Amino acid sequence: MNKSFTLFLLLSSMVLWLGNETGAFPENTGAPGDLTCGRAPCHNIPNNIGTSIVSITVDSLGTQYFADSTHKIKVQITDPLTMKNGFEILALDEMNQNVGQWILTVPNKTQIKSGISFPQRKYVTHKASGNMQSEWQISWKAPSVSAGKVTFYAAILSSNNDDTNQNDKVYTTKKEVIFSAQSATNDFANRISFQVYPNPISESVNLFLATAQNLALKIQIVDISGHIVFNENWQIQSGQNAKMLDLKALPKGVFTIQLIENQNIVSKKIIKN
């Protein structure tokens, strides 16, 4: 066999393996300025040729986002023949600029990557442990002021896991959401309005909720890269609405502390000195 052709096959196999095992390379969502992993020398197949159904959903069936609010995003592919899947998603404003902040709710199966030609863009894609599934869930924190229309762009790969591009499919989809000044979580935010002190913190932080209700909350602390660095349940009963968190192990930096009840989230910024 020709040595050059052998080398080409080897490099192609390496690229396919990398795409499947370590997530998609950045800038492969099909968004303005992006390509997809259907390009050569990646999977080298046309886009949107196949019968799979792909989708992006925001807060189940939401079409709005709210200032400084966290929204649940799901990327999904329906294909009964698929063996291995992958995805990549991006959020852009009307000027095609990166908008909002990604939060990894399943960090062992998803990861955040920065763009190369567009280094300000932040992409979420699968990890090796997250490519044998048909849906992925992440969260997106909206900016503190309106960014106008926001569009989520995603590309999804359907693979038969034979280490070639034969019968692989690449699909693209997008989801648009518009800004709403009236947050659907206002009632929740008012009901469990909370304080954190001291802030900045050194070794610990105290939480106080202005409520006497019985609540089952989840406390999460997220770093600026969207990774969850602290996760704890908080059962509030009989007016026990104060709690101290030991954060000595947390590195210095800026974080977001979140209180979560079902799909409702309220958050505050904290600084660790």
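The values are calculated or read from the model by the stated rules, or taken from the named source; none is laboratory data. All figures in this text were calculated on a predicted structure; none of them were measured in a lab. Positions of Cβ are backbone-derived with ideal geometry, glycine not excepted, and every protein chain shown enters the neighbour counts. Side chains are part of the model used for accessible areas, which takes the heavy atoms of the whole protein and leaves out ligands, DNA and RNA. Shrake-Rupley method; radii C 1.70, N 1.55, O 1.52, S 1.80 Å.
Neighbours of A147, meaning other residues whose beta-carbon lies under 14 angstrom from its beta-carbon, give a summed charge of -2 when Lys and Arg score +1 and Asp and Glu score -1. Judged by the mean number of other Cβ atoms found within 10 Å, the most tightly packed of the peptides 246-252, 33-39 leads the ranking 33-39, 246-252. Considering only alpha-carbon pairs that sit under 8 angstrom and 6 or more positions apart, the relative contact order computed for region 85-174 is 36 percent.
If Lys and Arg each add +1 and Asp and Glu each add -1, what is the summed charge of the other residues whose beta carbon sits under 11 Å from the beta carbon of S60? Write out the running numbers ahead of the final one.
On the way: positive: K72, K74; negative: D59.
My count for the surroundings of S60 gives +1.
Using 31 Å as the Cα-Cα cut-off, could you pick out the over-long pairs in K175/K243; K113/K149; K72/K269?
K175/K243
Only protein heavy atoms count here; under a 1.4 Å probe, E232 has an accessible surface of about 60 Å².
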